[in-house]
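S.K.: Quick one: the structure is below, questions incoming.
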Amino acid sequence: KRNVQDDDGDSMYEVHHIVAKRMNSGKIQYLIRWKDFDPKHDTWEPLEHLAGMEPDVSAFEARQKSENETFAANIAAKRAAAKSRRLSQPTLLGGVMVPANDSLSSASAASSHVSLNAGIESAQSDDTLEHTLLAGKNCDQ
């Protein structure tokens, strides 16, 4: 591919490919895989050390952008599928199993839950009141 000089300007090393990119002390650096060297010999190099490698840097940047966009699209698709699965499953609301309904939004589901709970609490209050009245009636006798 391309040759890069070391800091002394003496030796030239051949770059195999760019592995990664990072910011270090406000400067962009690229992780370089050197030809005929193992990954343990990869080094972080500032952009100024990569003179003549502009096409390689541009290709790396384009590949990174594409990979990031693909990753983001995959995450969005997984979230949408999970949401769809959640909405298609029955839900337990106030002790009652409610079947899934595509027209039932989460907001209306929450309001139904509140209404259902209020109805249950009201019925429980009525039962308590009736029990109290009956108990009082028994006490009067």
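The values are calculated or read from the model by the stated rules, or taken from the named source; none is laboratory data. Treat the numbers as computed from the prediction; the structure is a model and nothing was measured. No Cβ is skipped: glycine too gets one built from the backbone with ideal geometry, and neighbour counts run over all protein chains shown.
S.K.: Can you run down the residue pairs with Cβ atoms below 7 Å, 6 or more apart or on separate chains, where the first is in region 81-98 and part of a loop (DSSP other than H, G, I, E, B) and the partner is surrounded by 15 or more Cβ atoms within 10 Å (Cβ to Cβ)?
M.R.: 90/98; 94/113; 94/116
S.K.: Hey, another quick one. Modelled with pLDDT of 75 or more, within 30 Å of residue 17 (Cα to Cα) and surrounded by 10 or more Cβ atoms within 10 Å (Cβ to Cβ) - does that describe any residue in region 92-106?
M.R.: no
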